[in-house]
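Enquirer: This structure is in structure tokens; I'll ask about it shortly.
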Amino acid sequence: MARVVLAMSGGVDSSASAWLLKEQGHDVIGLFMRSGVTEPASCSIAPGLLPVLNAKSHKQGCCSASDAADARRVADALDISFHALNFSEAFGQIKDYFADEYLAGRTPNPCVMCNVWLKFGKLWDFAEQVGAEFIATGHYAQLAEVPGETSPGLFRGLDTGKDQSYVLFGIRRDLLDKIIFPIGSYQKTELRELARQAGIRTANKPDSQEICFIPDNDYGRFLRDYRGEQETAGELVDTAGNVLGRHSGYQHFTIGQRRGLGVTFGEPRFVVKIESDTRRVVLGSRNELGRHTLEANRVNWLAENPTFPFRATAQIRYQHQPAACVVEWVDENRIRVTFDDPQFAVAPGQAVAIYQESRLLGGGWIL
């Protein structure tokens with residue numbers, strides 16, 4: 001069978017993926033991506049792929065020593081090769097992107113960028129170095145041949161509650177025939193039971209719920225520690241421009257936010273706009289939050305040569321129910337999505353993923 005490099009995070013999904021690949025007869029190499037370590041002075045491996053000499057002595061960023069240890073023990077139990085490598089430079093790019101977007105008044109999506117730069121970027125670079133034919137991850141997504149197309153199509157995972165195709169729109173289409181999603185055809189409950197029966201130590205490990213490099217979910221603290229104090233305080237206003245109060249920093253708000261606004265009203269109010277240039281946070285009613293259209297740029301297509309305009313469904317955040325729409329080409333690398341019904345909390349900086357039924361056609365970044 002083939003040599004496969006598998007991204008291992010120390011969780012049940014990637015651990016079960018390792019077991020499934022091994023059962024299928026593949027030569028599996030596990031790779032744990034560490035976010036930052038003190039690099040050894042001398043090393044023969046290419047820059048950006050430096051080995052962790054003592055995983056237990058480090059706990060930095062999003063890849064904790066306990067996760068690394070879990071991944072290594074699973075690999076040892078399955079008798080597969082394992083590497084824990086330093087990707088601090090790439091993780092630094094993701095942190096910079098996250099901070100830049102929030103301070104520009106946008107809502108970033110670091111998981112999509114991590115997939116583009118790391119899990120399907122650096123992972124493939126490493127695979128080529130070790131002579132692997134495929135890369136694999138523990139994402140809930142599926143690949144299948146599409147008649148008339150040279151590359152496989154990317155489809156939602158069987159477990160619709162865990163489907164992760166939304167965060168995969170940015171990967172390179174030329175990599176699709178080099179990717180394996182071992183768990184895409186499993187329900188999460190089924191996968192945990194399989195892991196228990198296989199004796200995988202992470203079978204009952206809880207899923208991570210936060211951004212990996214902000215484990216306490218305190219975005220404000222992260223931005224303060226990472227970029228220092230910022231002059232971002234300003235006014236809370238309504239959609240007519242009336243001043244309602246003041247806020248301590250617009251980076252603490254996201255489009256659609258209803259709680260923690262710092263002012264109270266007789267009926268619900270939502271963040272409908274963030275103006276980084278004026279430092280104003282605009283509040284409005286639910287109706288004022290709704291949007292019939294959006295535009296997106298930096299579009300990446302996983303389907304060959306879509307013909308515009310076309311009907312589809314669009315997903316504007318991870319847990320958003322895909323909404324019926326028409327997709328049009330605006331200009332070079334920019335699309336317009338017009339929804340049949342208004343959608344709420346369309347946030348600049350977030351991703352929009354375009355589907356036809358369960359197939360992910362591509363997506364872009366909301367302007």
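Enquirer: Select from segment 280-308 the residues that are β-branched (Val, Ile, Thr) and not in a loop (DSSP other than H, G, I, E, B) and list them in ascending order.
Expert: Residues of segment 280-308 that are β-branched (Val, Ile, Thr), as a first pass: 281-282, 293, 299, 307.
Scanning segment 280-308 gives 281, 282, 293, 299.
Enquirer: Can you find a residue in segment 121-130 that is part of a loop (DSSP other than H, G, I, E, B) and either closer than 17 Å to residue 28 by Cα or touching a strand residue (DSSP E or B) at 6+ places or on another chain (Cβ under 8 Å) (or both)? It would help to see each step written out before you state the result.
Expert: If we filter segment 121-130 for residues that are part of a loop (DSSP other than H, G, I, E, B), which is where we start, we get 130.
Now restrict to residues that are either closer than 17 Å to residue 28 by Cα or touching a strand residue (DSSP E or B) at 6+ places or on another chain (Cβ under 8 Å) (or both): 130.
Checked segment 121-130: at least one residue is part of a loop (DSSP other than H, G, I, E, B) and either closer than 17 Å to residue 28 by Cα or touching a strand residue (DSSP E or B) at 6+ places or on another chain (Cβ under 8 Å) (or both).
Enquirer: Filter segment 165-211 down to the residues that are among the basic types (Lys, Arg) and either in contact with a strand residue (DSSP E or B) (Cβ under 9 Å, 6 or more places away or on another chain) or under 28 Å from residue 364 (Cβ atoms) (or both), then identify the one that is surrounded by the most Cβ atoms within 10 Å (Cβ to Cβ). Give the derivation first.
Expert: Pass one, segment 165-211, residues among the basic types (Lys, Arg): 172-173, 178, 188, 192, 196, 201, 205.
Subsequent filtering for residues that are either in contact with a strand residue (DSSP E or B) (Cβ under 9 Å, 6 or more places away or on another chain) or under 28 Å from residue 364 (Cβ atoms) (or both) retains 172-173, 178.
Values: 172: 14, 173: 17, 178: 19.
So the residue we want is 178.
Enquirer: Looking at segment 144-202, which of its residues are among the charged types (D, E, K, R), under 24 Å from residue 3 (Cα atoms) and without any contact (Cβ under 8 Å) to a residue 12 or more places away in the chain?
Expert: Within segment 144-202, 145 is the sole residue that qualifies.
Enquirer: On the given criteria, is residue 223 over 15 Å from residue 95 (Cα atoms) and among the hydrophobic types (A, V, I, L, M, F, W, C)?
Expert: On the way: over 15 Å from residue 95 (Cα atoms): no; among the hydrophobic types (A, V, I, L, M, F, W, C): yes.
No: the conditions fail for residue 223.
Enquirer: Going residue by residue through segment 212-234, is there one that turns out to be loosely packed, with under 14 Cβ neighbours inside 10 Å, touching a strand residue (DSSP E or B) at 6+ places or on another chain (Cβ under 7 Å), in contact (Cβ under 8 Å) with a residue 40 or more places away in the chain and assigned to a loop (DSSP other than H, G, I, E, B)?
Expert: Yes, segment 212-234 has at least one match.
Enquirer: Right, another one. I'm checking my understanding of the structure. Among residues of segment 95-120 that are of a type outside the set (D, E, K, R) and not in a helix (DSSP H, G or I), which one is surrounded by the fewest Cβ atoms within 10 Å (Cβ to Cβ)?
Expert: Pass one, segment 95-120, residues of a type outside the set (D, E, K, R): 97-99, 102-105, 107-118, 120.
Subset that is not in a helix (DSSP H, G or I): 104-105, 107-109.
Values: 104: 15, 105: 22, 107: 20, 108: 23, 109: 24.
Across segment 95-120, the extreme among qualifying residues is 104.
Each row is one residue, and each column tells you yes or no for (1) out of contact with any Phe, Trp or Tyr (no Cβ under 9 Å at 6 or more places or on another chain); (2) within 30 Å of residue 219 (Cβ to Cβ).
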| site | (1), (2) |
| --- | --- |
| 80 | yes, no |
| 84 | no, yes |
| 94 | no, yes |
| 120 | yes, yes |
| 139 | no, yes |
| 163 | no, yes |
| 176 | yes, no |
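Enquirer: So residue 277 passes all but one of these: (1) part of a loop (DSSP other than H, G, I, E, B); (2) touching a strand residue (DSSP E or B) at 6+ places or on another chain (Cβ under 8 Å); (3) outside the structural domain of residue 361 (by TED's automatic domain parsing). Which condition number does it fail?
Expert: Among (1) part of a loop (DSSP other than H, G, I, E, B); (2) touching a strand residue (DSSP E or B) at 6+ places or on another chain (Cβ under 8 Å); (3) outside the structural domain of residue 361 (by TED's automatic domain parsing), the lone unmet condition for residue 277 is (2).
Enquirer: Please enumerate the residues belonging to segment 250-265 that are surrounded by 13 or more Cβ atoms within 10 Å (Cβ to Cβ) and either part of a helix (DSSP H, G or I) or at positive phi (or both). Break it down into steps so the answer makes sense when it comes.
Expert: Step one: of segment 250-265, the residues surrounded by 13 or more Cβ atoms within 10 Å (Cβ to Cβ) are 250-258, 261-262.
Across segment 250-265, the qualifying residues are 250, 251, 252, 256, 262.
Enquirer: Quick check on my filter: what residues within segment 330-367 are closer than 17 Å to residue 311 by Cβ and out of contact with any strand residue (DSSP E or B) (no Cβ under 6 Å at 6 or more places or on another chain)?
Expert: Hits for segment 330-367 are 341, 357.
Enquirer: Restricting attention to segment 151-169, does a residue exist that is more than 21 Å from the chain's Cα centre (by Cα), on the phi > 0 side of the Ramachandran plot and outside any helix (DSSP H, G or I)?
Expert: Looking for residues that are more than 21 Å from the chain's Cα centre (by Cα), on the phi > 0 side of the Ramachandran plot and outside any helix (DSSP H, G or I), one finds none in segment 151-169, hence no.
Enquirer: Collect the residues in segment 235-246 that are out of contact with any Gly (no Cβ under 8 Å at 6 or more places or on another chain) and not in a loop (DSSP other than H, G, I, E, B), keeping them in residue-number order. I'd like the intermediate steps shown before the answer.
Expert: Going residue by residue through segment 235-246, those that are out of contact with any Gly (no Cβ under 8 Å at 6 or more places or on another chain) are 237, 240-244.
The answer is 237, 243, 244.
Enquirer: Across segment 125-144, which residue is surrounded by the most Cβ atoms within 10 Å (Cβ to Cβ) among those that are in contact with a helix residue (DSSP H, G or I) (Cβ under 9 Å, 6 or more places away or on another chain) and among the small types (Gly, Ala, Ser)? If you could, list the steps in order and put the result at the bottom.
Expert: Of segment 125-144, the ones in contact with a helix residue (DSSP H, G or I) (Cβ under 9 Å, 6 or more places away or on another chain) are 127, 132-143.
Now restrict to residues that are among the small types (Gly, Ala, Ser): 127, 132, 136, 138, 141.
Details: 127: 21, 132: 23, 136: 29, 138: 24, 141: 22.
Step by step, filter segment 125-144, then rank; the result is 136.
Enquirer: As an exercise: evaluate residue 55 against (1) within 27 Å of residue 195 (Cα to Cα); (2) at pLDDT below 75; (3) out of contact with any strand residue (DSSP E or B) (no Cβ under 7 Å at 6 or more places or on another chain) and give the number of the one condition it does not meet.
Expert: Checking residue 55 against (1) within 27 Å of residue 195 (Cα to Cα); (2) at pLDDT below 75; (3) out of contact with any strand residue (DSSP E or B) (no Cβ under 7 Å at 6 or more places or on another chain), the one that fails is (3).
Enquirer: Out of all the residues in segment 302-314, is one or more within 18 Å of residue 102 (Cα to Cα) and in contact (Cβ under 8 Å) with a residue 24 or more places away in the chain?
Expert: Initial filter on segment 302-314 (within 18 Å of residue 102 (Cα to Cα)): none.
Looking through segment 302-314, none of the residues is within 18 Å of residue 102 (Cα to Cα) and in contact (Cβ under 8 Å) with a residue 24 or more places away in the chain.
The values are calculated or read from the model by the stated rules, or taken from the named source; none is laboratory data. Everything quoted here is computed from the prediction, not taken from an experiment. No Cβ is skipped: glycine too gets one built from the backbone with ideal geometry, and neighbour counts run over all protein chains shown.
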